[in-house]
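The values are calculated or read from the model by the stated rules, or taken from the named source; none is laboratory data. This is a predicted model, so every value here is computed, not measured. In this analysis, Cβ positions are derived from the backbone assuming ideal geometry, glycine residues included, and neighbour counts consider all displayed protein chains. Side chains included, ligands, DNA and RNA excluded: accessible areas come from the protein's heavy atoms. Shrake-Rupley method; radii C 1.70, N 1.55, O 1.52, S 1.80 Å.
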Amino acid sequence: MKKICLLFVCMLAFIGAVYAENWKYYYDDETGYSGEASITFIGDDTDGNLLDSTVDMLQAGARGLGYSVHNTRKLPKEIIWLFSEALKEYYLAKNEVYSILIDTTAPDSDIREGFIICVKIEDDAGDKISVNSSYMRKD
C-alpha cells in the first residue's frame with residue numbers, strides 16, 4: 001500500500017511539474033548559465049528506498065507521456081549548477097528526497113528534452129548528496 005501511495009505522489013509530482021506553472025528561471029551573471037527547473041520535495045527516506053523508487057516512478061511517468069528516458073552518469077556543468085540552484089529553494093535536512101525536472105528544450109523546437117534529477121540529502125548541512133539523473137526526450 002505504501003508503494004502505491006508513493007507511486008501516486010511521484011506521478012502527480014512529475015505530471016504537475018510538466019504541465020503546471022511551478023517552473024522557475026535561474027540565471028548566473030558570472031558564468032552566463034541559465035535555465036528552467038522545477039523542484040518538488042518527495043519525502044523523508046526513512047527506509048533507504050525512497051530515492052530509487054522515486055527515480056523508477058518518475059521515469060515510468062515520463063515514458064507514459066511519450067518520452068524516451070535514459071540514465072546518465074555524467075551531467076554538464078550548467079545542469080549541475082541549475083539543480084544546485086533549485087535545491088536552494090528549500091532548507092535541506094538529512095534523508096530528504098527531492099525531484100528536480102530541468103527543461104533543456106531549444107527555443108522553437110518541436111523536440112522536448114530535459115533531465116529528471118533525484119537527490120537525497122546525506123547530511124544536515126546539505127553538503128553531501130546522492131544524485132540519480134536521467135535524460136529524457138520526446139520527438
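According to a simple spin-label model (label point 7 Å from Cα along Cα-to-Cβ), what is the distance in nm between L65 and A106?
2.2 nm
Enumerate the amide H contacts of I129 below 5 Å, restricted to partners 5 or more residues apart or on another chain; note that Pro and chain-start residues carry no placed amide H.
For I129, the qualifying residues are E122.
Ignoring ligands, DNA and RNA, please state the percent of accessible area on region 28-139 from carbon and sulfur, probe 1.4 Å.
44 percent
Run the simple label-point estimate for K77 and Y27 please: 7 Å along Cα→C-beta, distance reported in nm.
Spacing of the two 7 Å Cα→Cβ label points: 2.0 nm.
So, in nm, how far is label D139 from label D124 when the simple model puts each one 7 Å beyond its Cα toward the Cβ?
That separation, rounded to one decimal, is 5.1 nm.
In terms of the Cα gyration tensor, with a ≥ b ≥ c the square roots of its eigenvalues, is region 44-137 rounded because a/c is under 1.5, prolate because a/b exceeds b/c, or oblate?
oblate
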